[in-house]
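Everything below concerns the one structure shown next.
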Amino acid sequence: MLSFDGRVAIVTGSGRGLGASHAKFLAARGAAVVVNDLGGSAQGTGSSAAPAEEVVAEIVANGGRAVANFDSVSDNPEGIVRTAIDAFGRLDILVNNAGINQVHAFGPDILPSIKRHMEVHFFGTAGVTAAAWPHLIESGSGRIVNTTSPTLIGFPEQTPYVAAKGAIFAFTRTLAFEAAPVGIKVNAIAPTAATRMSDEADLPEEFKQFMRDNLPTSLVSPVVAYLAHEACAINGEVIQAQGGEAQRLVLGFNKGFTSKDLTPELVQEHLDEILDPATHVPFDRIEKQDLSAVGK
Ligand code: NAI
């Protein structure tokens, strides 16, 4: 069994939903956990200490070790990391999970929403990761698990949310190159689970009921736990996790069309080849990629 005895983890946004499930799962397997949560609404307004306090109380009542932190990931990432060091003296695992979701049709008034989503999702992830970095190096087997989304394929009226999740996807992919030489592994999940966020999302009621019946948070946390464990063998990967499925989510390219005399007309003429899904191949795993030719 993969044990987390002696390990210290931060799970951001773990007062509710997926984060609470991850925090309880890691704690049940021996990790000491910082339960960080600002405690606001699903849209990102307000704050409350209650959600983080309740999860900590449940972990402690079950014999585990946990402390609460109420900082916003976007306002005080250093404070969240300091809580782990002050309480437990080390940091091995960072699960960047905190998130908000506002449905907003695209138009001239969209920028504040885009900025807000980038602040929480992307700058929250990047900021806590940066503050944790030296401690994760010191751990000797530092692990970072980010949270992107299956909505990366596109979702109507969620440009701010999906764009911020796209930034986390790219952040995970490229940080993996700098993580490997210092003993850190950074991966991401693209989850789907019934939570407050999905309940308040603009989704058909039948699908929400399907999620409640079939997609519990408890079937996402085992993927997070594997990626958080020192035995994790992958770096720079994104795993879609929903209802017990774990699948690689890839960036890919296809054979396409090539001409040294390329013209817009040739692009128009060969569009079927340029977009052909039948010749699609994913990029290789980070550790197998040869970047020596990049920029030459
Ligand atoms: P949730 O709304 O139940 O939980 C999110 C938690 O993050 C809340 O407790 C909230 O207080 C906290 N939070 C929000 N802003 C914060 C901040 N600035 N600092 C600290 N904590 C903050 O939502 P859920 O569904 O559990 O979402 C967790 C993550 O999974 C999010 O990143 C979300 O975007 C992602 N996700 C969820 C999906 C789903 O199907 N539920 C689908 C795809 C991604």
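The values are calculated or read from the model by the stated rules, or taken from the named source; none is laboratory data. None of the values given here were measured: they were computed from a predicted structure. With ideal geometry, Cβ positions are generated from the backbone for all residues, glycine too; neighbour counts draw on all protein chains shown. We work out accessible area using only protein heavy atoms, side chains counted, and drop any ligands, DNA or RNA first. Shrake-Rupley method; radii C 1.70, N 1.55, O 1.52, S 1.80 Å.
What to note about this one:
- Condition broken by R7, with the remaining ones in (1) open to solvent by 40 Å² or more (accessible area, probe 1.4 Å); (2) farther than 24 Å from W133 by Cβ satisfied: (2)
- Within the range 67-93, the set of residues being under 12 Å from P134 (Cβ atoms) and touching a strand residue (DSSP E or B) at 6+ places or on another chain (Cβ under 8 Å) comprises V81, R90, L91.
- Residue that is nearest to the ligand (Cβ to nearest atom) [pool: residues in the range 1-28 that are part of a loop (DSSP other than H, G, I, E, B) and hydroxyl-bearing (S, T, Y)]: T12
- Looking only at the range 204-243, and only at residues there that are over 20 Å from L91 (Cβ atoms) and aromatic (F, W, Y), the one that is surrounded by the most Cβ atoms within 10 Å (Cβ to Cβ): F210
- Scanning the range 29-66 for residues that are polar (S, T, N, Q) and either within 9 Å of the ligand (Cβ to nearest atom) or under 19 Å from the mean Cα position of the chain (by Cα) (or both) yields N36, S41, Q43, S47, S48.
- Residue list for the range 127-142, restricted to those being more than 13 Å from the ligand (Cβ to nearest atom) and open to solvent by 10 Å² or more (accessible area, probe 1.4 Å): A130, A131, W133, P134, H135, I137, E138, S139, G140, S141
- If you go through the range 176-199 and keep only what is more than 13 Å from the chain's Cα centre (by Cα) and either over 24 Å from S218 (Cα atoms) or open to solvent by less than 20 Å² (accessible area, probe 1.4 Å) (or both), you end up with A176, F177, E178, A179, A180, P181, V182, G183, I184, A193, S198.
- For the range 18-42, filtered to residues that are touching a residue at least 60 places away in the same chain (Cβ under 8 Å) and polar (S, T, N, Q), the residue that is surrounded by the fewest Cβ atoms within 10 Å (Cβ to Cβ) is S21.
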